[in-house]
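Values quoted throughout were computed directly from the atomic coordinates according to the rules given, and no laboratory measurement underlies them. Everything quoted here is computed from the prediction, not taken from an experiment. Glycine gets a Cβ as well: all are built from the backbone with ideal geometry, and neighbour counts include every protein chain shown.
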Amino acid sequence: MKTLADLRKIREKAQQDMKLRNAGSRFKIVVGMGTSGIAMGAREVMKTFLDEIATRQIVDVVVSQTGEKGLSSMEPVVDIIEEGKETITYGNMNSEKVKRVVSEHIVNGQPVNDYIISRD
Amino acid sequence: MQDLSLHLLDIIENSTRAGASLIKISIDADEKKDVLKFKIEDNGSGMDADTLNNALNPFYTSKESREKKVGLGIPLFMQNAELCEGSFHVTSKLGKGTDLEAIFKKSHIDRMPVGSLADTIIGSLIGHAETDFYLKITHNTRDEVFEYEFDTRVLKEELGDIPLTYPDVIQYIMEDVNNGIKNTKMGEI
């Protein structure tokens, strides 16, 4: 592992950042990582979310992966959970679609209807 | 699965679903012994003998959607190891956890490529922030030994309440894991 001094710097910056924004996470992104999801490319989907969050410096989202999805015909599947709103599930995801979801849904608050497979 | 790193991801998902709070992953390549070994140990809920048997059986599925606890993941990984003059062992204790070991003959013509270990590791440890991961990669070439270790417990202690999905933390993890694994030359085998 790299030097811990780097981590301390990140921590200080993040603490400042969070104080300013006074915010927890606005969105929770859950990538379905069951066997069929993995076989269909869910890892690349996860990777693209992380890349986008890092490069766009999005601080108010949490990303997790779970093996508990059961929609094999529409994998890779992604849930976007926002407090007080319905959960939106996107299906047949890939890298390009993730980029659009990040820019339109996460950044601008407009769900991408083309990719939605369920809402509840 | 197209490569071994995707099998590894599938096994990690099993461990997290079993409620593991710590997952230890070791990957050893040894050119002299011509062996490639994956070992995944977790402290999750474990399985009793019947469930373990079922987990190894490709024809077993309870198929009650979310009740489904095992699937094709483990049998496929096992088959791949056995196809390569390797071996596959799972030991599990209810309430204690599960240890899985898959061994491949490294030079076997049917051995799948390792694939992107970094992508599997980065996604898993950020995507399961509540689980601790300890990773150790050892690559023993004919004249050198390359090693890489990553322990999320150290990382989390330094970060305190800063989430792993904070942008700079993602960057830090990506850089460290990508470079670390690259330096072991594991990606090339």
Rounded to the nearest 10 degrees, the helix A:4-21 long axis (Cα) sits at an angle to the longest Cα principal axis of chain A of 80
The stretch B:4-188: Rg to Rh, with Rh as the Kirkwood radius over Cα pairs = 0.98
FRET efficiency estimate (nearest 0.05) - Cβ-Cβ, B:Lys182 to B:Gln79, R0 35 angstrom | 0.75
Over the stretch B:4-188, what is the mean sequence separation of C-alpha contacts under 8 Å (at least six apart), divided by residue count, expressed as relative contact order in percent?
-> 25
Percentage of Cα-Cα pair distances in the protein assembly as shown greater than 32 Å, rounded to whole percent?
-> 28
Length gained, B:Lys39-B:Glu149, 0.36 nm per residue minus C-alpha separation, equals 38.2 nm
Note: B:42-49 gets an average of partner chain Cβ contacts (10 Å, Cβ to Cβ) equal to 0
Peptide A:86-97: average number of partner chain Cβ atoms within 10 Å per residue?
-> 0
Run the quick spin-label model on B:Glu175 and B:Asp99: label points 7 Å from Cα toward the beta carbon, then report their separation in nm to one decimal.
-> 3.7
So, relative contact order of the stretch A:24-119 in percent, Cα under 8 Å, 6 or more apart, is 33
Starting with the highest mean, order B:103-110, B:115-122 by the number of other Cβ atoms within 10 Å, averaged over the residues of each peptide.
-> B:115-122, B:103-110
Kindly express, to the nearest 10 degrees and within the range 0 to 90, the angle between helix A:42-56's C-alpha long axis and the longest C-alpha principal axis of chain A.
-> 40
